[in-house]
1. Restricted to segment 126-143, and to residues that are outside any loop (DSSP other than H, G, I, E, B) and more than 16 Å from the chain's Cα centre (by Cα), which residue is nearest to Val81 (Cα to Cα)?
2. Could you please find all residues in segment 24-51 being open to solvent by less than 10 Å² (accessible area, probe 1.4 Å) and either within 24 Å of Ala146 (Cβ to Cβ) or among the aliphatic types (A, V, I, L, M) (or both)?
3. Please go through (1) open to solvent by less than 10 Å² (accessible area, probe 1.4 Å); (2) part of a helix (DSSP H, G or I) for Leu64 and return the number of the only condition it doesn't satisfy.
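The values are calculated or read from the model by the stated rules, or taken from the named source; none is laboratory data. Predicted, not measured: the structure shown is a model, and the values here were computed from it. A quick note on method: Cβ atoms are made from the backbone with ideal geometry, for glycine too, and the neighbour counts reach across all protein chains shown. To get the accessible areas, we keep the full protein, side chains included, count just its heavy atoms, and leave off ligands, DNA and RNA. Shrake-Rupley method; radii C 1.70, N 1.55, O 1.52, S 1.80 Å.
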Amino acid sequence: MTQTLEKQILVAGIGNAWLRDDGFGGEVVKRLEGRELPSGVSVMDFGTGGLDLAYEVMRGYDALILIDISRQGGEPGTLYVMEPAEEDIAAGIQDGEMLDPHGMDPQTVLRFVRAVGGWPGKVIVIACEPAEVEEMGLGLSDQVSAAVDGAVELVESTCTSCL
């Protein structure tokens, strides 16, 4: 009898809640925590702990869904779904290159994970165009706050398609 292992998906909110819209990932995770998600889906808020996220990914997930902000040039509150391929991520961390374990953006986290051979089967980034991230302050802008529910729905449908 062959036993099929359940797929494991990590949904990771990232960003700094002290920089207004950069707290988007954490807010989406907060809303997801109160919802019924499929078995095998883990939801975690990593804040600015990029190195913690990289180590968690190396535990061996079938898919990684990153939730963050991303400046793509759209209107604030616009949601984006991006699927970076492993070969599109610059390989390796150079000798002597400094990594700030509290300030790793998704690109750097993925470079680190790729460098140590821990790439998950599928990586999807669900991002929101920010309005305000330059000034210290708490709370999302109105535009980004209005996009959170849409992002929650995107995460749920993405989880379902990854299983």
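1. The residue in question is Gln143.
2. Those that are open to solvent by less than 10 Å² (accessible area, probe 1.4 Å) and either within 24 Å of Ala146 (Cβ to Cβ) or among the aliphatic types (A, V, I, L, M) (or both): Phe24, Gly25, Val28, Val29, Leu32.
3. Condition not satisfied by Leu64: (2).
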